[in-house]
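Scroll down for the structure; my scribbles are underneath it.
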Amino acid sequence: ATEETVYLCIRQGDEALCVDRIDGLWVQSLTLRIGEGLPLHLGAASRVLLAHESVAFRRGYLERASLERLTVRTPATRAAVEREVRVILARGYAVSDGDVRLGIASVGAPLRDHTGAVVAAVSVGGLRPSILDDEATTAALVRASAERISRALGHEPERLP
């Protein structure tokens, strides 16, 4: 729907590993190719995965990770990453706004399996204006896609009575 690049990532150790990618029609970012990873504090899919890990895992990651800064927008302190995690958990999706590469943005959401556990993340990325000028629409598209994929994995969202 966005005609931008879509990424599917899983957590492998302290990285988000790209296991699939659908190239968009516009910008062909070479930042994350299939088989490559990013530290969990960099990028939307990575931070989705970090946010849905246990508190103990997140604390351990923040203690052992170097929190590499790729741009001036990278959340590269423990407090900044913790703030990002709180926002992700509150709104249900992550935003990367130039923290991996200036001018490039992405929006990511969690994929859940039949137990409700987050097993992967899907994100869409491209030039900042195409992703974030209408963040609400981009986020809605990504979240809807994540929900469809999660249902295919056997996840059944809780229903209110």
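The values are calculated or read from the model by the stated rules, or taken from the named source; none is laboratory data. Predicted, not measured: the structure shown is a model, and the values here were computed from it. Cβ placement follows ideal geometry from the backbone for every residue including glycine, while neighbour counts extend to all protein chains displayed. Calculation scope for accessible area: heavy atoms of the full protein, side chains included, ligands and nucleic acids excluded. Shrake-Rupley method; radii C 1.70, N 1.55, O 1.52, S 1.80 Å.
With respect to the conditions (1) touching a helix residue (DSSP H, G or I) at 6+ places or on another chain (Cβ under 9 Å); (2) open to solvent by 60 Å² or more (accessible area, probe 1.4 Å); (3) over 18 Å from Val122 (Cα atoms), Arg64 lacks only one, and its number is (1). You will find that of Ile149, Ile131, the residue that is in contact with a strand residue (DSSP E or B) (Cβ under 8 Å, 6 or more places away or on another chain), farther than 17 Å from Ser46 by Cβ and β-branched (Val, Ile, Thr) is Ile149 and no other. When Ala90 is tested against (1) open to solvent by less than 50 Å² (accessible area, probe 1.4 Å); (2) over 14 Å from the mean Cα position of the chain (by Cα); (3) more than 21 Å from Thr5 (Cβ to Cβ), just one condition goes unmet, and that condition is (1). Return the residues of segment 57-90 that are of a type in the set (A, V, I, L, M, F, W, C) and modelled with pLDDT of 95 or more; say none if nothing qualifies. Matches in segment 57-90: Phe57, Leu62, Ala79, Ala80, Val81, Val85, Val87, Ile88, Leu89, Ala90. Screening segment 1-58 for strands (runs of 3 or more DSSP E) wholly inside it with 2 or more residues that are open to solvent by 50 Å² or more (accessible area, probe 1.4 Å) and not β-branched (Val, Ile, Thr) returns the ranges 5-12, 15-22. The strands (runs of 3 or more DSSP E) found wholly in segment 61-131 and carrying at least 3 residues that are of a type in the set (Gly, Ala, Ser) occupy 104-112, 118-127.
Just one of the numbered conditions (1) farther than 19 Å from Gly24 by Cβ; (2) of a type in the set (A, V, I, L, M); (3) crowded, with 20+ Cβ neighbours inside 10 Å is not true of Val95: (1). Can you confirm whether Ala136 is of a type in the set (A, V, I, L, M), open to solvent by 40 Å² or more (accessible area, probe 1.4 Å) and without any contact (Cβ under 8 Å) to a residue 40 or more places away in the chain? Answer is yes for this residue. Criterion applied to Ala109, Ala94 was being within 22 Å of Arg33 (Cα to Cα) and either in contact (Cβ under 8 Å) with a residue 60 or more places away in the chain or of a type outside the set (Gly, Ala, Ser) (or both), and the one residue passing it is Ala109.
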